[in-house]
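Visitor: Dropping a structure here in structure tokens format, bear with me for questions.
Rule-based calculations on the coordinates, nothing more; no lab input. What you are looking at is a predicted structure, and each value in this text was computed from that prediction instead of being measured. Using ideal geometry, Cβ is built from the backbone for each residue, glycine included, and neighbour counts are taken over all protein chains shown.
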Amino acid sequence: MRVVVQGGGRRGRRAGLAGVLWAAAELTVTVGVVVLLLVVHQVWWTNRQALAAAREEVRELEKQWTLPSPPAPPDSVPSVVPAPSASSSAPAPGSPSAPAAGAPARRPAPAPPGESAYGVLRIPRLGVVVPVAQGVDKRAVLDKGYAGHYPGTAQPGAQGNFALAGHRNTHGEPFRYINRLRAGDELIVDVRGQRYTYVVGKTLGETGERDTGVIAPVPRSTVHPEYGYDGPGAYITLTTCTPEYTSKYRLVVWGTLRS
């Protein structure tokens, strides 16, 4: 006897549709897990990695600075201006050996070769201790958790603008909380045998990424000209991206060298 089964085609179509939906759901979950892992890697793991490497670099620099320096060549100048003895007379103002008014007691740090770390930036208010390296290349400098020195700007302690860039998020994020800095906070830069202390003076909460005026020798924003300085001096500039987790604008903090 022949048995006729009705509705099999409909159930088959339903089963096929359910299979497609199940496969799509699995694919969505898989993609979501991959994206989540990428986010965790970018936001969490790169921070741990870069932060640990940056701290080790600081330790290495400080270790090197405790070792005796090689003899200086005969025509070199001392990196630190010696204090006059009690028996010596101070140079008269305006004489060649007298420092200019407001000039730092220490000579500016020399420019380092290549994209190597050569100094340490300390921000006591934020608990930040980060290596300073030459250049602002992402892979070679910033992604290592370093603060990068803008090429062409002044060296620590020099007249002009010692300008630095640093990540605000990921890769150690050394400049994440510089928006919390206030006037009077200290920014300390150590280079072998020398310490330069800058004092925060002004902050620009948001400007365009092409606002090169903020790192000029006399820093003043070209986008917001009401922000900045008017006369020559020894400045420091910290720049980072803003808002957080974007690179649309730049946040700027300025300071001046304590005499």
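Visitor: At a 10 angstrom cut-off on C-beta neighbours, averaged per residue, how do the peptides 168-179, 186-197 rank from highest to lowest?
Guide: Per-residue mean Cβ counts within 10 Å order the peptides as 168-179, 186-197.
Visitor: May I pose another question? Going by a ≥ b ≥ c, the root eigenvalues of the Cα gyration tensor, does the range 147-221 fall in the rounded group (a/c under 1.5), the prolate group (a/b larger than b/c) or the oblate group?
Guide: Values: a/c = 1.34, a/b = 1.14, b/c = 1.18.
Cα axes put the range 147-221 in the rounded bin.
Visitor: Please compute the length gained on full extension between residue 51 and residue 245, using 0.36 nm multiplied by the number of residues separating them and subtracting their Cα-Cα distance.
Guide: 68.1 nm
Visitor: Cross-link partners among aspartates and glutamates for residue 248, C-alpha distance below 20 Å, same-chain residues fewer than 8 apart left out?
Guide: 137, 143, 173, 206, 209, 211
Visitor: Here's a follow-up. Counting other Cβ atoms within 10 Å, which chymotrypsin sites (Phe, Trp or Tyr not before Pro) in the range 221-259 have at most 14 and lie in a DSSP loop? Numbers along the way, then the final one.
Guide: On the way: sites: 227, 229, 235, 245, 249, 254; in loops: 227, 229, 245.
Listed in order of number, the matching sites are 245.
Visitor: Separation of the range 135-183 and the range 206-222 by C-alpha centroid, Å?
Guide: Using only Cα atoms, the two centres lie 15 Å from each other.
Visitor: For every other residue with a beta carbon closer than 15 angstrom to the beta carbon of residue 131, add +1 if it is Lys or Arg and -1 if Asp or Glu, then tell me the sum.
Guide: -3
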